[in-house]
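The values are calculated or read from the model by the stated rules, or taken from the named source; none is laboratory data. As the structure is a computational prediction, the values presented were derived from the model and not from experiment. No Cβ is skipped: glycine too gets one built from the backbone with ideal geometry, and neighbour counts run over all protein chains shown.
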Amino acid sequence: MNKSDWQLLAIIIIIIISLFAITSLFNYNNSTIATVYYDNNIVLTLDLSIDENREYRVKGYNGDVVIETKKDMIRVKEEISPLHICSRQGWVKSTYEVIVCLPNKVVITLSDNKNKLDTVVR
Amino acid sequence: MDIRKITHLAMLISLAVVLNIIESTIPIFNNMLPGVKLGLANAIIIVVIYLYTFTDALYVSLGRVFIVGLIRTGLLGIGFFLSLTGAIFSTIIMYLAKRYTQLSIIGVSILGAIFHSLGQVLMAMLLLKTISLIFYLPYLLLLAIPTGIIVGLMAKNILSLMDKKIALER
């Protein structure tokens with residue numbers, strides 16, 4: 001590795017650290033509204049402060065996706081996919097985390113109550 | 001394109017495909033961290049960039065993506081478009097880095113790994129219409145550094161072996 005390699009490495013590490021810093025600023029908003037998309041269409045909207053401790057079944061590309069909710073948290077409990085990435089991800093509660101299940105074309109996003117009007121308008 | 005070059009490129013494409021299959025059997029990179037791969041096939045693309053031209057590198061890169069798409073992940077699915085964007089991004093940036101900067105082969109490889117991740121995340125954000133995936137990007141970029149170094153070292157060794165072989169043939 002020569003001198004410009006180390007310079008490149010330094011620049012990349014600075015960029016990564018600043019990315020971490022920027023993203024962590026937004027990371028810990030607790031949220032209450034969960035939106036479930038299938039193939040880019042909203043199929044389910046849950047208020048996690050009301051719909052606690054329940055299970056929902058949503059149609060996925062490979063079969064049903066089972067979603068479980070707790071107070072302010074949501075997870076994918078069961079789905080049919082090769083690697084089970086979204087069910088291994090476990091409980092999600094931050095607004096800026098997202099559950100993506102590519103094989104099933106299912107996406108779950110979280111938003112806080114302040115954004116509720118935006119959801120209604122859409 | 002003479003026959004020797006066609007044969008070489010075809011051989012390199014098949015090597016890239018095989019490396020792709022081999023790396024998917026390494027359990028750590030397969031299951032623990034979604035989206036993280038060693039990217040062994042990238043070593044082949046680097047070799048082509050250093051031995052042949054940019055267009056040839058693009059042929060090999062796209063050829064690999066299409067063949068892997070055909071035999072493993074399925075053509076025209078979301079995963080296919082992710083690897084296509086990643087491959088195009090990394091090939092272009094690695095060529096530019098080799099042509100216009102003082103970077104050694106390892107630096108070129110790190111840049112390629114970084115832009116592969118970047119391209120994939122941008123495409124995923126476009127396809128899934130969500131900005132939230134950007135919060136996964138710093139983790140991917142962080143892991144692109146060690147994988148880039150490993151792949152760069154590999155490409156360096158392959159190149160020194162192939163240089164001797166090609167010199168012998170001529």
The residue from B:L122, B:L159, B:L118 that alone is over 21 Å from B:F54 (Cα atoms), touching a Phe, Trp or Tyr at 6+ places or on another chain (Cβ under 9 Å) and part of a helix (DSSP H, G or I) is B:L122
Picking from B:I150, B:I106, B:I134, B:I92, the residue that is within 11 Å of chain A (Cβ to nearest Cβ), part of a helix (DSSP H, G or I) and over 28 Å from A:N40 (Cα atoms) would be B:I106
Reported set for the stretch A:43-63 where residues are outside any loop (DSSP other than H, G, I, E, B) and touching a residue at least 12 places away in the same chain (Cβ under 8 Å) is A:V43, A:L44, A:T45, A:L46, A:D47, A:R54, A:E55, A:Y56, A:V58, A:K59
Would you call A:Y37 part of a strand (DSSP E or B), assigned by TED's automatic domain parsing to the domain that holds A:S111, closer than 28 Å to B:V36 by Cα and aromatic (F, W, Y)? yes
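Okay, residues lined up against (1) under 18 Å from A:C86 (Cα atoms); (2) modelled with pLDDT of 80 or more:
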| site | (1), (2) |
| --- | --- |
| A:M1 | no, no |
| A:I16 | no, yes |
| A:N41 | no, yes |
| A:D47 | no, no |
| A:E52 | no, no |
| A:V65 | yes, yes |
Taking the stretch B:65-120 and the residues there that are over 11 Å from the mean Cα position of the chain (by Cα) and among the aromatic types (F, W, Y), the one that is surrounded by the most Cβ atoms within 10 Å (Cβ to Cβ) would be B:Y95
Looking across the stretch A:76-92 at residues that are assigned to a loop (DSSP other than H, G, I, E, B) and buried (at least 19 other Cβ atoms within 10 Å of the Cβ), the single one that is nearest to the chain's Cα centre (by Cα) is A:E79
